[in-house]
Structure formats: C-alpha cells, structure tokens
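The values are calculated or read from the model by the stated rules, or taken from the named source; none is laboratory data. Computed from a predicted model, the values in this text were never measured in an experiment. When we count neighbours, we look across all protein chains shown, and the Cβ atoms used for this are built from the backbone with ideal geometry, even at glycine. The area values use the complete protein model at the heavy-atom level, side chains included, leaving out ligands, DNA and RNA. Shrake-Rupley method; radii C 1.70, N 1.55, O 1.52, S 1.80 Å.
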Amino acid sequence: MWQKNFPLAKWNLGSALVDFFDLYSRKFNFVNLSIRVRDGGGYVQKKQLYSRDANQMDLLSIEDPQDSSNELCRNGYAIPNVRRAFQHAYGILSKWHARTSGSFPSPLSCILRVDKLIWDRKNYVLLEQEAGVRS
C-alpha cells in the first residue's frame, strides 16, 4: 500500500486514491488485460474474451458482469485522456507533503479546486457541529 507521504495512517482514502491513479495511469496493461467484476473481480486476458482491431488494443476493457460477451468500454476512445489526467493527479499527489504544503491543506486540494462558497459552507457546518457538541 502506498503511504510514503501519508505517514499518519497505515491506510486511508488518500493513499488508496494515489494507488488507484498509479495503477491505472502507469502500471495497468491496457493492451492485454480486461477488468472482470464478477466472481470476486480481477483481471483476465483480453484476447480470451474479445477480438479487437489492432488500433483498439490500448483501450480500457471491462467485462459486463451480466453478459460476458458484452465489453462495456468498447467505445471508450477518451481513455488516453483519462490516463493522462490520472498521471497528472498521481504526479501531484505523490509529491504532496503535509509539512511543506502550506497553501494546500489536504492532498486532494492539490488536484481539486474548491471555491470559497464550499469552504465557507464546510467551516459553517464544522462550527455548527462544535456548537452542538458543547450544548
């Protein structure tokens, strides 16, 4: 489990997200593997399930859990753009350090923009919760 920059917890959603971005942007073999959800999930060789044109081999492949002959992502031509976005997010998150990221209070704030209205609402909810605990 990736936890280099998240030392306060053995496992948390931040480290799981970084692992996800790392796997699906850098390590997953899109050419040869298909994602299987049924039977506990896992990976299966793409050529065992589907025949594809050579120019489609790098597309994401997910087996339909209800119909194994149906490939859910067969028209996922934007997958290279998604992979680039995941690579970008992985690069930013893997460099985040709590002690040195004063302008970014959390790792996700490095890749997600939250406007002032949302921050104000969050702070209001926290104050209301604190007031409720004190009463």
query = What full-extension length gain, to one decimal in nm, is calculated for Glu128 and Val114 as 0.36 nm per residue of separation minus the Cα-Cα distance?
reply = 3.0 nm
request  = Beta carbons within 10 angstrom, averaged per residue: use that to sort the peptides 32-40, 84-92, highest first.
outcome  = 84-92, 32-40
ask   = Label Ile79 and Ile62 with points 7 Å out from Cα along Cα→Cβ: what is the distance between them in nm?
value = 1.1 nm
ask   = Quick one: how many Å² of Ser25 are accessible to a 1.4 Å probe, rounded to 10?
value = 0 Å²
remark   = Heavy-atom accessible area of Val125, protein chains in place, probe 1.4 angstrom, given in Å² to nearest 10, is 50 Å²
